[in-house]
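Contents: one structure, followed by commentary.
The values are calculated or read from the model by the stated rules, or taken from the named source; none is laboratory data. Please read all numbers here as calculations on a predicted model, not as lab measurements. Cβ atoms come from the backbone with ideal geometry, glycine included; neighbour counts cover every protein chain shown.
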Amino acid sequence: MDTDRKTIQAICLFCGSSPGMDPAFKLAATQLGTTLAHNNIRLIYGGGHVGLMGVAADACLSAGGEVVGVIPRKLMEKEVGHAGLTQMHVVETMHERKALMTRLCDGFIALPGGYGTLDELFEALTWQQLAYHLLPVGILNVSGFFDHLVKFLDHARDERLLRDAHRNSLIVDTDLQKLIARMQSFVPPNNEKWLDRASKESIV
């Protein structure tokens with residue numbers, strides 16, 4: 001995959017396998033799936049038919065879009081997998097799942113979710129920080145769901161545990177169209193200089 005390209009043809013979605021309490025979460029998942037379809041952007045996601053994951057996939061498919069799932073065999077065997085996707089990849093481990101989703105996409109968007117969503121989000125950010133990929137990572141901050149997380153990242157930056165460039169590389173917006181536009185124009189941080197200095201400094 002050419003990680004330097006800026007044209008986004010596929011977005012990897014991280015979001016909850018539950019719908020959550022706020023109806024705005026489901027609405028945002030529906031809007032995301034529909035918007036990707038209308039913009040000819042493939043949806044890459046964890047392959048489930050439940051929660052916000054299923055809502056986004058169904059919306060994209062209903063609008064004529066392509067949806068590619070990547071799911072571990074253990075979850076597929078528990079009948080969590082979506083049966084109507086454009087393509088489904090069944091892998092053996094969660095690590096394989098995340099690695100394949102990264103190879104298939106041109107950027108990442110997180111919607112509200114729990115541990116799994118945060119794990120995927122921060123792994124994508126960490127891989128970007130270490131230059132394993134140079135893809136944009138975005139959060140659609142629905143109903144202020146991520147407000148406290150954003151404040152925590154600002155706190156980590158202020159405590160000099162996170163560099164300005166890496167804090168700023170996370171794109172956060174409340175408007176989906178603006179978020180996608182910002183991701184299209186994303187310029188990755190200069191990780192080569194950081195990685196060279198990291199061996200000499202205590203800050204990461």
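Within the set of pairs 6 or more residues apart or between chains, which connect a residue that is outside any loop (DSSP other than H, G, I, E, B) inside the range 65-78 to a residue that is surrounded by fewer than 20 Cβ atoms within 10 Å (Cβ to Cβ) and acidic (Asp, Glu) with Cβ atoms less than 7 Å apart? Short answer, once both residue conditions are applied: Pro72/Glu92; Arg73/Glu92.
Residues in the range 6-63 that are basic (Lys, Arg) and either in a strand (DSSP E or B) or surrounded by 22 or more Cβ atoms within 10 Å (Cβ to Cβ) (or both): Arg42 only. Residues in the range 132-180 that are over 22 Å from Ile11 (Cα atoms) and of a type in the set (Lys, Arg) were compared, and the one that is modelled with the lowest pLDDT is Arg163. Against the test of being surrounded by 17 or more Cβ atoms within 10 Å (Cβ to Cβ) and among the charged types (D, E, K, R), the options Arg157, Arg163, Arg182 yield a single qualifying residue, Arg163.
Considered as a group, the residues in the range 181-204 that are more than 27 Å from Gln31 (Cα to Cα) and of a type in the set (A, V, I, L, M) include one that is modelled with the highest pLDDT, and that residue is Leu195.
Would you please name the residue that is farthest from Pro72 (Cα to Cα), looking only at residues in the range 84-100 that are among the hydrophobic types (A, V, I, L, M, F, W, C) and outside any helix (DSSP H, G or I)?
Here is the first cut: in the range 84-100, the ones among the hydrophobic types (A, V, I, L, M, F, W, C) are 85, 88, 90-91, 94, 99-100.
Next, from what is left, pick out any that are outside any helix (DSSP H, G or I): 85, 88, 90-91.
Details: Leu85: 15, Met88: 11, Val90: 6, Val91: 5 Å.
So the residue we want is Leu85.
Based on this model, can you work out whether Val67 counts as closer than 24 Å to His133 by Cα, surrounded by 17 or more Cβ atoms within 10 Å (Cβ to Cβ), at pLDDT 95 or above and over 13 Å from the mean Cα position of the chain (by Cα)? Break it down into steps so the answer makes sense when it comes.
Details: closer than 24 Å to His133 by Cα: yes; surrounded by 17 or more Cβ atoms within 10 Å (Cβ to Cβ): yes; at pLDDT 95 or above: yes; over 13 Å from the mean Cα position of the chain (by Cα): yes.
Yes, satisfied.
Restricting attention to the range 134-150, and to residues there that are surrounded by fewer than 19 Cβ atoms within 10 Å (Cβ to Cβ) and not small (Gly, Ala, Ser), which single residue is nearest to Gln184 (Cα to Cα)? Out of the qualifying residues, it is Leu134.
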